[in-house]
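The values are calculated or read from the model by the stated rules, or taken from the named source; none is laboratory data. Since the model is a prediction, treat every value here as computed from it, not as a measurement. Neighbour counts run over all protein chains shown; Cβ positions are idealised from the backbone, glycine included.
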Amino acid sequence: MNVRSSTLLMLLCSCLAASPGAAEPAPGRAPLTIPTVSTAQLAVRDGVVLAGDLDPAALDALEGTGAVIVDLTTGGEAAAPARDRIAVLGLEYHNLPVYGAVLEHDQLRQLAALVGDRRDVPVIVHCATGNRAAMVWAALELERGEPLASVLASVDPLVNRAPIRAAIEAHARDLAGDLASEAAQVPDAAD
């Protein structure tokens, strides 16, 4: 095996080692239970839920949990009642507006930093319908090295728009192209 191949293999292994199981709790503790906060809601990992528009009254069940709410809605969407309730409950709130089926790498980095491998508090990533929440989660999973087929299967219950699915597939192709390009730039030991 040459240096180029071994570097690519190490990169892939580190990505796979960093990917958490879909719904496995942290060792030594019970899984987090997240109440229903939206009519469109999908648990994708222990403690992480993707959701559509949040029900402000249902958010009361999160009081005292330290929950993190990541809001992907834009200024023109009607998320104000939920935002107001989140503030009253003292939950951690972050707005990372996602416009349509466009994945911004800076937003993915911010979301990865907010969610990371947290399993200590509930994390809810939401938008108006759940489509954009599913799209950004899928992009994070792809960047962690998860295969496209399993990523699509995991978010399929929320993805009901063709442009969202196309954006997920395009992100997978971009990542594959980036890996191939990086592998081609690694000098071979014979060089």
Exercise for the section: Scan the stretch 70-91 residue by residue and report those that are within 17 Å of Val102 (Cβ to Cβ) and more than 20 Å from the chain's Cα centre (by Cα). Expected result: Gly75, Gly76, Glu77
Handout entry: Residue list for the stretch 80-94, filter: assigned to a helix (DSSP H, G or I) and either in contact (Cβ under 8 Å) with a residue 24 or more places away in the chain or among the hydroxyl-bearing types (Ser, Thr, Tyr) (or both)
Key = Pro81, Ala82, Asp84, Arg85, Ile86, Leu89
Handout entry: Failed condition for Thr39, given (1) at pLDDT 85 or above; (2) exposed (fewer than 15 other Cβ atoms within 10 Å of the Cβ); (3) over 26 Å from Ala153 (Cβ atoms)
Key = (3)
Handout entry: So Gly76, is it surrounded by fewer than 14 Cβ atoms within 10 Å (Cβ to Cβ), under 15 Å from Arg132 (Cβ atoms) and free of Cβ contacts under 8 Å to residues at least 12 places away in the same chain
Key = yes
Exercise for the section: Looking at (1) at pLDDT 90 or above; (2) of a type in the set (Val, Ile, Thr); (3) within 27 Å of Ala162 (Cα to Cα), find the lone condition where Val115 falls short. Expected result: (1)
Problem - Pairs, first more than 14 Å from Asp174 (Cβ to Cβ) in the stretch 95-107, second part of a helix (DSSP H, G or I) and modelled with pLDDT under 85, C-beta under 7 Å, six or more apart - result: none
Practice task
Can you confirm whether the stretch 16-28 contains a residue that is under 21 Å from Gly130 (Cα atoms), surrounded by 20 or more Cβ atoms within 10 Å (Cβ to Cβ) and at pLDDT below 90?
Solution key: no
Practice task
Sort out which residues of the stretch 37-73 are part of a loop (DSSP other than H, G, I, E, B), within 17 Å of Ala134 (Cβ to Cβ) and among the β-branched types (Val, Ile, Thr), and write them in order of number.
Solution key: Val37, Thr39, Thr73
